[in-house]
Amino acid sequence: MIEKEQIQKENYRVQLKALRKTVDPHFLFNSLNTLRSMVRQQHQHAEAFVMNLSDFYRQILKHDDNSTLPLSEELMLLESYLFLMKNRNEAAMHVKLGVDAKLHALHLPSMALQVVVENCFKHNSMTAKKPLTIEIVSTESGHIEVCNNLQPKIEEAESSGYGLDVLRKRYALLNEQDGVTIKETDGHFLVQLKLLKR
């Protein structure tokens, strides 16, 4: 029985490691193209962009073996990611953060916030006249909500396999069946992530 349990745990560990590889490679290529453009234009934020891109990938490598991360670290990763996206999209996006600091010790599957926010960018169009608005808040029920205005792209983005279904599987491997809740209205798309006690 002990051997069976050890095999099951190892199986979970391997599956979690595979499912955590959540950074779409296109994000890196797009970021490098943005950096190239910024360097050519001698953009004032080019150095900060390099530092944030470096920090973002350093954090990913640092947490490679962690199945979950404290919310405080998830938010730090998200801030680096959002800095990069803001430099690529400037006035075409607005992000509002309202997360209770009392919840910072609770956990999420590693990089869960980045995956959900990346989905907002991937599936919606955005311009300076019609910016994409993303609101990230905590709830009294112990969840993090990510809500964006719906502005579907005319041409649907190619699936990379790093989306919400994978996030659901990761919660399931952490013995949490209802970790991801999705609500869609005429004008908004909302994803609710359950905070975990670890």
Problem set entry | Search result, residues across region 56-86 that are open to solvent by 50 Å² or more (accessible area, probe 1.4 Å) and either more than 24 Å from His143 (Cβ to Cβ) or more than 15 Å from the chain's Cα centre (by Cα) (or both) | Tyr57, Arg58, Leu61, Lys62, Asp65, Asn66, Phe83, Lys86
Problem set entry | Close pairs from region 116-128: first under 10 Å from Phe189 (Cβ atoms) and touching a residue at least 24 places away in the same chain (Cβ under 8 Å), partner assigned to a loop (DSSP other than H, G, I, E, B) and among the charged types (D, E, K, R), Cβ under 7 Å, at least 6 apart | His123/Lys153; Asn124/Lys153
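For Arg198, state whether it is more than 19 Å from Leu84 (Cα to Cα), open to solvent by 30 Å² or more (accessible area, probe 1.4 Å) and in a helix (DSSP H, G or I). Walk me through how you get there before you give the answer.
Values: more than 19 Å from Leu84 (Cα to Cα): yes; open to solvent by 30 Å² or more (accessible area, probe 1.4 Å): yes; in a helix (DSSP H, G or I): no.
Against the criterion (more than 19 Å from Leu84 (Cα to Cα), open to solvent by 30 Å² or more (accessible area, probe 1.4 Å) and in a helix (DSSP H, G or I)), Arg198 does not qualify.
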Problem set entry | Residue under evaluation Thr22, criteria (1) surrounded by 13 or more Cβ atoms within 10 Å (Cβ to Cβ); (2) at pLDDT 70 or above; (3) not in a helix (DSSP H, G or I), criterion not met | (2)
Exercise. Do we have any residue at all in region 159-173 that's over 16 Å from Ser110 (Cα atoms), outside any helix (DSSP H, G or I) and either modelled with pLDDT of 85 or more or open to solvent by less than 20 Å² (accessible area, probe 1.4 Å) (or both)?
Worked result: no
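Conditions tested, residue by residue: (1) in contact with a Pro (Cβ under 6 Å, 6 or more places away or on another chain); (2) under 20 Å from Asn175 (Cα atoms); (3) touching a residue at least 60 places away in the same chain (Cβ under 8 Å).
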| residue | (1), (2), (3) |
| --- | --- |
| Leu69 | no, yes, no |
| Leu77 | no, no, no |
| Tyr81 | no, no, no |
| Met93 | yes, no, no |
| Leu106 | no, yes, yes |
| Gln114 | no, no, yes |
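The values are calculated or read from the model by the stated rules, or taken from the named source; none is laboratory data. What you see is a predicted model; the values in this text were computed from it and never measured. Cβ: placed from backbone, ideal geometry, glycine included. Neighbour counts: every protein chain shown. Areas reflect the complete protein model, heavy atoms only, side chains present, ligands, DNA and RNA absent. Shrake-Rupley method; radii C 1.70, N 1.55, O 1.52, S 1.80 Å.
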